[in-house]
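Just below is one structure, and these are the notes that go with it.
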Amino acid sequence: QVQLVESGGGLVQPGGSLRLSCVASGSIFSIDYMGWYRQAPGKERELVATITNGGNTNYADSAKGRFTISRDNVKNTVTLQMASLKPEDTAAYYCNAAILRRRGLFVDDYWGQGTQVTVSS
């Protein structure tokens, strides 16, 4: 099993920056995909950014140009660097890890507990 622990959330003013980190632990050989998702109260969870173990990235349109995702495959960590934050970025941010099994026939999907990001004056 894989456990994910997020950190770095908090209160920040509009235009500010924040860095979120996630550490994976447990029975791990490799993690194929790691990513960040967010969910505001009353709304569905949405993708922010993902990154493969080879370093290929995918961003939501709202994150492009402002957010940067990166990972350390030795430490099994993933980081989301957020800049130019807006009030609409306010949400609970969740770390995700996906592991492909049996040559892609199965997917083990794991989630962290979430960390709150609040952007307000």
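The values are calculated or read from the model by the stated rules, or taken from the named source; none is laboratory data. All of these numbers come straight from a predicted model, not from anything done at the bench. Heads up, the Cβs are rebuilt from the backbone with ideal geometry, glycines too, and the neighbour counts pull from every protein chain shown. Just so you know, the surface numbers come from the protein's heavy atoms only, side chains and all, with ligands and any DNA or RNA stripped out. Shrake-Rupley method; radii C 1.70, N 1.55, O 1.52, S 1.80 Å.
What the table below lists for this structure:
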| item | result |
| --- | --- |
| Residue count for the range 25-53, restricted to those that are modelled with pLDDT of 95 or more, buried (at least 20 other Cβ atoms within 10 Å of the Cβ) and among the hydrophobic types (A, V, I, L, M, F, W, C) | 5 |
| Residues located in the range 94-107, provided they are open to solvent by less than 90 Å² (accessible area, probe 1.4 Å) and either over 21 Å from residue 55 (Cβ atoms) or assigned to a loop (DSSP other than H, G, I, E, B) (or both) | 94, 101 |
| Test: residue 68 is outside any loop (DSSP other than H, G, I, E, B) and open to solvent by 60 Å² or more (accessible area, probe 1.4 Å) | yes |
| Test: residue in the range 12-20 that is exposed (fewer than 11 other Cβ atoms within 10 Å of the Cβ) and either under 14 Å from the mean Cα position of the chain (by Cα) or not polar (S, T, N, Q) (or both) | no |
| Flag for residue 80 being surrounded by 13 or more Cβ atoms within 10 Å (Cβ to Cβ), over 13 Å from the mean Cα position of the chain (by Cα) and among the hydrophobic types (A, V, I, L, M, F, W, C) | no |
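Conditions (1) more than 13 Å from residue 4 (Cβ to Cβ); (2) assigned to a helix (DSSP H, G or I); (3) touching a strand residue (DSSP E or B) at 6+ places or on another chain (Cβ under 6 Å), marked per residue:
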residue: 38; (1), (2), (3): yes, no, yes
residue: 55; (1), (2), (3): yes, no, no
residue: 58; (1), (2), (3): yes, no, yes
residue: 64; (1), (2), (3): yes, no, no
residue: 81; (1), (2), (3): yes, no, yes
residue: 85; (1), (2), (3): yes, no, yes
residue: 113; (1), (2), (3): no, no, no
residue: 118; (1), (2), (3): yes, no, yes
